[in-house]
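The values are calculated or read from the model by the stated rules, or taken from the named source; none is laboratory data. Remember, predicted model here, so these are calculated numbers, not experimental data. FYI the Cβ positions are ideal-geometry reconstructions off the backbone, even for glycines, and counts take in every protein chain you see. The accessibility values were calculated without ligands, DNA or RNA, using every heavy atom of the protein model including side chains. Shrake-Rupley method; radii C 1.70, N 1.55, O 1.52, S 1.80 Å.
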Amino acid sequence: MLVKGVWKENWQPVQSKDEQGRFIRQSSSFRNWITPDGSAGSTGVGGFKAERNRYHLYVAYICPWASRTLMVRALKGLEDIISVTVVNPKLGDQGWQFGGFSESESDPFNNVAFMHEIYSKVDPEFTGRATVPVLWDKKNQTIVNNESADIVRMLNSAFAVMIDKGPDLSPSHLQADIDALNEYMYKSLNNGVYQAGFATSQQAYDEAYRNVFSALDELEARLSDGRDYLHGSDLTESDIRLFVTLIRFDAAYHGLFKCNRNLIRDMPGLFHYMNRIFNIPSIATTVNIEHIKAGYYSIKTLNPNGIVPIGPSTNFD
């Protein structure tokens, strides 16, 4: 991690833990917002006006949080407005690295080898982990935001004056329901799989395991009435959040994170729902199972020999 802008120790998956051995995720550090007129958003400072070719996303296909932003960029037709760099999926001693893996790229703006060098360039006193996604301002050479939930919401609405395409992923009439379900899924499932995988006590693992499958059972039941999406006929943020966890489940979480009661393919409602979202035009381009497997199985504390499973080649095999 970085300590006052200097890389001090090798990358480790467990950011923090409590006295019971529960994995605790680091909070995001950069919380500015792109807005149509450049005014300040709900957090951070102003000065980030929605403009064509001003902003750039740094992402990893392995990372579900980063993949949320890729999905929204695709759904909203922002490919020609916001550019993207994909980092190496393998998590080495210095964290996210540029290049060196198929479909991974070098940094086009800062001439650096590692993501943490961008963080320390922006804030020479930064202490913490250099995570993705990162929303970068090419004009001001700074990080706008590194919180996926914020980035998803700004991509959904901030550029509507330039391009009005795709579904509104946070419609006002569903906002309260979306927020409540998002919070539940984050605690029990999206972050729950990580709490199971990175637990350092049996108690913490058992608790996380139960939460994961309780949530999956509840979501399976929710879809049993034949609805297309979690909130009915409208594709929303909640669906984006669930999909990125489901698409990684059989390939990584079931085995490596010991969430092994069953596969997603064994839950017909969730499996067909995942397939339906995957087949929305342009969504498949945001999923790379080879990156996902290479990335998760590069975590030395969980897989010290670095052996990557041959299958599945997709989650629909």
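With a cut-off of at most 13 other beta carbons within 10 Å, and DSSP calling the residue loop, which GluC sites (Glu not before Pro) in the stretch 105-209 qualify? Please list them.
GLU125
The lysines within cross-link reach of LYS4, meaning a Cα-to-Cα straight distance under 16 Å and a gap of 8 or more places when in the same chain, are LYS121. Could you state the number of Å between the C-alpha centres of the stretch 235-256 and the stretch 124-155? Between the Cα centre of the stretch 124-155 and that of the stretch 235-256, the gap is 23 Å. Among PRO167, PRO64, PRO89, the largest mean-square fluctuation in a Gaussian network model of the chain, built with springs joining Cα atoms closer than 10 Å, belongs to PRO167. Here THR314 and ASN10 are evaluated by their C-beta separation; at R0 = 41 Å the FRET efficiency comes out at 0.80. Applying a DSSP loop filter and a limit of 10 other Cβ atoms within 10 Å to the trypsin sites (Lys or Arg not before Pro) in the stretch 58-98 leaves nothing.
Which FRET efficiency value, to the nearest 0.05, is calculated for ASN110 and ASP266 with the Förster distance at 30 angstrom and r the Cβ-Cβ distance? Could the numbers behind the result be given before it?
Working: r = 45 Å, r/R0 = 1.49.
E(calc), rounded to 0.05, equals 0.10.
Distances longer than 25 Å among the Cα atoms of the chain: what percent of all pairs is that? Present the calculation step by step, with values, prior to reporting the outcome.
Numbers: 24676 of 50086 pairs.
So the pairs more than 25 Å apart make up 49 percent of the total in the chain.
In the complete set of protein chains, residue-level accessible area for LYS8 is approximately 130 Å², probe 1.4 angstrom.
Only protein heavy atoms count here; under a 1.4 Å probe, TRP33 has an accessible surface of about 40 Å². In this view, the solvent-accessible surface of TYR229, computed with a 1.4 Å probe and all protein chains in place, comes to about 30 Å².
A Cβ-based charge dipole, computed about the Cα centre of the stretch 86-245 with Lys and Arg at +1 and Asp and Glu at -1, lands at about 340 debye.
With a Förster radius of 41 Å, plug the Cβ-Cβ distance of GLU125 and GLN175 into 1/(1 + (r/R0)^6) and report the FRET value to the nearest 0.05.
On the way: r = 37 Å, r/R0 = 0.89.
FRET efficiency, GLU125 to GLN175: 0.65.
Among 299-306, 262-269, what's the highest-first ranking by average C-beta atoms within 10 angstrom per residue?
Values: 299-306: 12.8, 262-269: 16.2.
With the highest mean Cβ count within 10 Å placed first, the list reads 262-269, 299-306.
Here the chain is treated with +1 on each Lys and Arg Cβ and -1 on each Asp and Glu Cβ, and its dipole about the Cα centre works out to around 540 debye.
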